[in-house]
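Derivation of every value follows stated rules applied to the coordinates shown; laboratory data play no part. Predicted model only: the values in this text are computed from it and were never measured. Note: ideal-geometry Cβ built from the backbone for every residue, glycine included; neighbour counts use all protein chains shown.
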Amino acid sequence: MTSLTTAPSALDIDPADPVALTQALVRCPSVTPTEGGALALIAALLEREGYAVHRPVFSEPGTPDVENLYARIGSEAPVFVIAGHSDVVPVGDEAAWTRAPFGGAIGDGQLYGRGACDMKGGLASMIAAAVRYRRENPQAPGSIAFLITGDEEGPAVNGTVKLLQWAHERGERFDHCLLGEPTNPAAMSDMIKIGRRGSLTGQVTVHGKQGHVGYPHLAENPIRGIVRLLAALDATPLDAGTAHFDASNLEMTTLDVGNPASNIIPAQAKAVFNIRFNDLWTPDTLAAEIDRRLREAAGNTVRYEVTFQPTNAVAFLTQPGPFVEMVVNAVAAETGKRPALSTTGGTSDARFIKSYCPVVEYGVVGKTMHQVDECVAVADLDALTRITQRLLGTYFAAQHQA
């Protein structure tokens, strides 16, 4: 199977058409950190609609350079920000795809391709909504801005976090943000994300003394010690959850002694764990609790050390209020059902945006994200466009009346 890798021309696309725009973006092979023509296409389309567009590139030692995009139309407050990412994960085994992963083919009401639902479809629909809104309301008060990164699926070092800093240093101030991640499990009326759990990864290493299994008195088996420590971490729930968050969850992800022989007591044992935590914790307070549990379990007999990976994934919540209700009402008006307010799932770039303005996540159905034959329903692209356009109209009307 041959993938289509030639980026389309902006001259051939109406940015008010979410389906055509999704196809065009899918045809840009923008696997992290490659720009792949996606940001260039968006920039050309938004410039044509009157947006001032910037494409800053950010760098960090040990990570790839990443191109990003910031665009704005309007010069007055309030500033409504639409955020997202143009980068995608690798296609994996291309031979397993039934359609070209960068082809953007449509069949049986689905648009296929890598990034179709995560999240080029959401991005295209929100661009289409903003374009339609401004075309119909050329003198509308306030401003619309786009924050689009090429680093969400990668290290997330040279993307949204630096783009926000760059914009802030230029004097940009934001009032509210809609992030177009694929939030819906099965239907467009299912779910809005009003927060995210944090993520903390740690490693426990228990030290022993290598020796012959036939002479255990001359050795010290670290496996007994690590079993005791891991049992202590898992014995008591970290919490019972909060009003908007499930209980924090600790999962063991690896356990290794590096021992290929059956007649050797190993010298050490290692385990890695990850915790998805709610708003009762910060990375520091959670690390302190883990360390406390390990110390109590180890006593004076288990020699161990614990380390934690640096994390920028902290738990946060956008409190339900007028803005959240606007999003809910826009979804309900177009789908006939009020969506649930959720904080489930993994991390997203909302964890960076929340430090600059309230942020809510809403997008297409995410059943196939990162999978072979990733796809998005054409009807969902149209629905998201209508929902976002309705939200923009309600938002700016309310701000104008305030």
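Observations on the structure shown:
- Förster-model FRET efficiency, 41 Å R0, ALA96 and LYS337, C-beta, rounded to 0.05: 0.70
- In order through segment 286-297: 3J(HN,Hα) via Karplus (6.51 cos²θ - 1.76 cosθ + 1.60), integer Hz, x for Gly, Pro: 5, 4, 5, 5, 4, 4, 4, 5, 5, 4, 5, 6
- Over the chain: helical MRE at 222 nm, DSSP H runs n ≥ 4 each giving -39500 (n - 2.57), nearest 500: -9500 deg cm²/dmol
- Net lengthening on full extension, ALA186/VAL272 (0.36 nm per residue, minus Cα-Cα): 27.7 nm
- Neighbour cut-off at most 14 other Cβ (10 Å), DSSP loop, trypsin sites (Lys or Arg not before Pro), segment 186-274: none
- Rounded to 10°, Cα long-axis angle of helix 378-401 versus longest principal axis of the chain: 80
- Beyond 26 Å in Cα-Cα separation lie the following of the pairs LYS162/LYS270; LYS270/LYS367; LYS162/LYS193: LYS162/LYS270; LYS270/LYS367.
- The calculated FRET efficiency for the pair VAL227 and ARG135, based on their C-beta separation and a Förster distance of 51 Å, comes to about 0.20.
- The HN-Hα couplings worked out from phi for segment 303-310 by the Karplus form 6.51 cos²θ - 1.76 cosθ + 1.60 (θ = phi - 60°) are 8, 8, 9, 10, 10, 10, 6, x Hz, whole numbers, x standing for Gly and Pro.
- Residues of type aspartates and glutamates that LYS120 reaches as a straight line, Cα spacing below 14 Å, ignoring anything fewer than 8 places off in the same chain: ASP17, GLU35, ASP87, ASP151, GLU152, GLU153, GLU181, GLU374, ASP380, ASP382
- Under 14 Å from LYS354, Cα to Cα: aspartates and glutamates that are on another chain or at least 8 residues apart: ASP175, ASP279
- Cα-based reach from LYS337 at 12 Å (exclusive), listing aspartates and glutamates while leaving out same-chain residues under 8 positions away: ASP190
- Share antiparallel - DSSP beta bridges, the chain, percent rounded to 5: 70
- Sequence ranges 123-130, 97-104, ranked by mean other-Cβ count within 10 angstrom, highest first: 123-130, 97-104
- Less than 5 angstrom separates the built amide H of MET191 from those of ALA340, all sequence-distant by 5 or more or on a different chain.
- Once the Cα-Cα distance is subtracted from the 0.36 nm per residue extended length, the ARG173 to THR254 segment shows a gain of 24.8 nm.
- Model label sites at LYS367 and ALA398, defined 7 Å from Cα along the beta-carbon direction, differ in position by 3.2 nm.
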